[in-house]
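Any read-out appearing in this document is the output of simple, stated calculations on the displayed coordinates, not a laboratory observation. In this text, all values refer to a predicted model and were calculated from it rather than measured experimentally. Counting neighbours? That spans all protein chains shown, and the Cβs are built from the backbone with ideal geometry, glycine included.
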Amino acid sequence: MADELERADRLFEEAQAFARTYRFEMTDEYRALIERVEAMPQNQPGADKSGPWRGSAADHRAFVDASSGPRRM
Amino acid sequence: MTHPLATLARELAAHSVRYLLIGVSGANLYAPAGQAVFITKDFDLFLPPDPDTLVHAWTASERAALELWIGDEPLETPRDRWLAERVIAQRALVRATGASDFQVDLTWVMAGFAFEAVWQERREFMIEGVPVPAARLLHIVESKRAAGRPKDHLFLATHKDALEQLLRKPDHS
């Protein structure tokens, strides 16, 4: 358990370091990718998003539960 | 069990409040059922900087059984136009919270965008039978780029890969 927490802490620190230095460039390729996703049938106006929403809420609860657990100091 | 955002969205509609779901929770709406979503602990609602809209949004939040906060303090009462004008002038963030760690930020800021421009191209989805207007995915990504915070960088670094994976799935090609 302690090893897992140490590993999680290390990954978190690595992610923070990465985020501080990462420089994002919007490319035509990324823009085209987004437009393809927006054009998907399930993303048209009026689409029912209740399904993925529940998944997101469940993920959120799992995240909150994990975050509120004991943390090694 | 009804998702608290559906309850809030119903009240916002009943009070004719214009708003847009933005941020990571907005981007998650574009993921199909079963697709991995990005974890976020809150929902960001982008509002026009209009005092009357804000007062109605506060009323809707209260009717959805949410508590309103400004910083670490409960939003003072009366929650009227006078207070709304001051909150907007200070560009203060008001947060609505409810059961099960439900958290909604009412904001007037979407980096790089004015409300009306995003509203014109909004996409309205349905959540548990309730219409929920969301910003275009393109606008959400562009705003993340403009905001440029570390958490935005992390999102942008992985979001493109997530979209590529989504489009590679046979059902969505």
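Using alpha-carbon pairs under 8 Å, 6+ residues apart, how would you state the relative contact order of chain B in percent?
On the way: 239 pairs, mean separation 43.5, N = 173.
Across chain B, relative contact order equals 25 percent.
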Q. Residue-wise, which Karplus ³J(HN,Hα) couplings in Hz belong to the stretch B:7-13, taking 6.51 cos²θ - 1.76 cosθ + 1.60, θ = phi - 60°, and x for glycine or proline?
A. 4, 5, 4, 5, 5, 4, 5
**Q.** Shielding score for B:54-66, defined as the mean number of other chain Cβ atoms within 10 Å
**A.** 0
Q) Picking from B:GLU67, B:GLU85, B:GLU116, which is most flexible by a Gaussian network model of chain B using Cα springs under 10 Å? A) B:GLU116
Q. What nm distance separates the two modelled labels at A:ASP48 and A:LEU5, each placed 7 Å from Cα along Cα→Cβ?
A. 4.4 nm
Q) Among B:TRP108, B:TRP119, B:TRP82, which one moves the most in a GNM of chain B with springs linking Cα atoms closer than 10 Å? A) B:TRP82
(Q) Among B:LEU68, B:LEU163, B:LEU47, which one shows the highest mean-square fluctuation when chain B is modelled as a Gaussian network with alpha-carbon springs under 10 Å? (A) B:LEU163
Q: Return the long-range amide H neighbours of B:ALA134 (sequence gap of 5 or more, or a different chain), with a cut-off of under 5 Å between placed amide H atoms.
A: B:LEU21, B:ARG123, B:GLU124, B:PHE125
Q. How far is helix B:150-168 tilted off the main Cα axis of chain B, in degrees rounded to 10, range 0 to 90?
A. 50 degrees
Q) Once phi is turned into θ = phi - 60°, what whole-Hz ³J(HN,Hα) does the Karplus curve with 6.51, -1.76 and 1.60 give for every residue of the stretch B:97-103, x standing for Gly and Pro? A) 10, x, 5, 6, 6, 5, 9
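Could you grab the relative contact order for the stretch B:96-173? Cα pairs under 8 Å, six or more apart, rounded to a whole percent. Please report the intermediate quantities before stating the final value.
On the way: 49 pairs, mean separation 14.9, N = 78.
In percent, rounded to a whole number, it is 19.
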**Q.** Lys/Arg +1, Asp/Glu -1 at C-beta; chain B dipole; positive extreme among B:LEU47, B:ALA111, B:TRP58
**A.** B:ALA111
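What does the charge dipole of the stretch B:4-163 about its Cα centre add up to, to the nearest 20 debye, if the Cβ of each Lys and Arg holds +1 and the Cβ of each Asp and Glu holds -1?
Working: 17 positive and 21 negative charges, 92 e Å.
Computed about the Cα centre, the dipole is about 440 debye.
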(Q) Please list, ordered by chain and number, the residues whose modelled amide H lies under 5 Å from the amide H of B:GLU128; skip anything fewer than 5 residues away on the same chain. (A) A:LYS49, A:SER50
Q: With r as the distance between the Cβ atoms of B:ALA92 and B:ALA14 and R0 = 30 Å, compute the FRET efficiency 1/(1 + (r/R0)^6) and round to 0.05.
A: 0.75
Q: Give me a single rounded figure for B:115-123: the average over its residues of other chain Cβ atoms within 10 Å of their Cβ.
A: 1
Q: Provide the packing ranking of A:28-40, A:3-15, B:150-162, B:52-64, i.e. peptides ordered by the mean count of other C-beta atoms within 10 Å per residue, highest first.
A: B:52-64, B:150-162, A:28-40, A:3-15
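When DSSP beta bridges are limited to those with both residues in the stretch B:4-163, what percentage is antiparallel, rounded to the nearest 5? Intermediate values should be presented prior to the final figure.
Working: 19 of 24 bridges.
Within the stretch B:4-163, antiparallel bridges account for around 80 percent of the total.
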Q) What percentages, rounded to whole numbers, describe P(r) for the stretch B:24-173 computed over all alpha carbon pairs with 10 Å bin width beginning at zero? A) 10, 36, 36, 15, 4, 0
Q: Over the whole of B:17-28, what's the average partner chain Cβ count within 10 Å per residue? Rounded to a whole number, please.
A: 1
